[in-house]
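Heads up, the thing below is written out as structure tokens.
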Amino acid sequence: MKIAIFGATGRVGGQILKQALADGHQVKALVRSPKLDEHPNLEVITGNVRKAEDVERTLEGADAVFSAIGTDRTTTLSEAMPLIIGAMKNAGIRRLITIGTAGILNSRLTPGKLRYQGGDSNRKLTFAAEEHETVFRLLEAIDLDWTIVCPTYLPDGEKRGGYRTEKDYLPEGSKEITVGDTAEFAYRQLKDTAFIRSRVGIAY
């Protein structure tokens, strides 16, 4: 396949990139500065995810799109996603897998609210969750085959398996999920249709 990746220099995006290249896919990655290792199947595009022309160049010829754009106390994510969606529609690309946060899954404590609004989360700062909710609401309203992978606390670590997933909710009793397992699960969504047009909570 031909895959476009945004956020390929981040923790989860970098692992997705490695798996895609190991499986022989052709990958285009949009980065702010060229710091990825060279690979014959990798085309690195230096640019800005908040510029429509750079996003369009990255998506040219792609069959599927991964977004692992971080929030980092900026609005990059919410500014970039409308451009990604628009470019996908123009190019006729339907599959989008994006990394979210457990805060935007449904609350078990307060029906009708998200976890970050309903008291399920101990996090006091809600900026990141608000950014991810903006993306969720955008995707919810459009006709694309999207999946938002929503990890809970995300320490560095290799994939070890044995994790649990649940559509639109965080599995009960969840504590954490490694970067490696989050990336592995997100990557597997290329061939899995179980969570199309939904959020999916992931944790051990």
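The values are calculated or read from the model by the stated rules, or taken from the named source; none is laboratory data. Please read all numbers here as calculations on a predicted model, not as lab measurements. FYI the Cβ positions are ideal-geometry reconstructions off the backbone, even for glycines, and counts take in every protein chain you see. Side chains included, ligands, DNA and RNA excluded: accessible areas come from the protein's heavy atoms. Shrake-Rupley method; radii C 1.70, N 1.55, O 1.52, S 1.80 Å.
What does the accessible area per residue of the chain come to in Å², with a 1.4 Å probe and no ligands, DNA or RNA counted?
Numbers: 10020 Å² over 204 residues.
Ligands and nucleic acids excluded, the figure is 49 Å² per residue.
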Three semi-axes of the equivalent ellipsoid, segment 65-190, Cα gyration tensor, whole Å, largest first: 23, 18, 14
Could you give me the ³J(HN,Hα) list for segment 56-64, computed from phi with Karplus coefficients 6.51, -1.76, 1.60 and θ = phi - 60°, whole Hz, x at Gly and Pro? 4, 4, 5, 7, 4, x, 6, 9, 8
What list of ³J(HN,Hα) couplings, whole Hz, do you get for segment 33-45 from phi and the Karplus terms 6.51, -1.76, 1.60, once you set θ to phi - 60° and write x for glycine and proline? 9, x, 10, 8, 5, 5, 8, x, 9, 10, 10, 9, 10
Within straight cross-link reach of Lys191, meaning Cα distance under 16 Å, which lysines are found once same-chain residues fewer than 8 apart are removed? Lys2
What Kirkwood hydrodynamic radius, in Å, does segment 1-94 give when the mean of 1/r is taken over all pairs of distinct Cα atoms and then inverted? 13.0
If you fit an axis through the alpha-carbon atoms of helix 179-188 and take the longest principal axis of the Cα set of the chain, what angle between them do you get, 0 to 90°, nearest 10? 70
Apportionment of accessible area to carbon and sulfur, the chain, percent (1.4 Å): 46
List the lysines whose alpha-carbon lies under 21 Å from that of Lys51, not counting same-chain residues fewer than 8 positions away? Lys28, Lys35, Lys89
What list of ³J(HN,Hα) values in whole Hz, one per residue of segment 4-12 in order, does the Karplus curve 6.51 cos²θ - 1.76 cosθ + 1.60 (θ = phi - 60°) give from phi, with Gly and Pro shown as x? 9, 10, 10, x, 6, 9, x, 5, 6
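Assuming R0 = 45 Å, can you tell me the calculated FRET efficiency for the pair Lys113 and Ile45, based on Cβ-Cβ distance, to the nearest 0.05? Please report the intermediate quantities before stating the final value.
On the way: r = 39 Å, r/R0 = 0.86.
So the FRET efficiency works out to roughly 0.70.
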Could you pull the accessible area for Asp37 with a 1.4 Å probe, rounded to 10 Å²? 130
What distance in nm lies between label points placed 7 Å from Cα along the C-beta direction at Arg57 and Lys167? 4.0
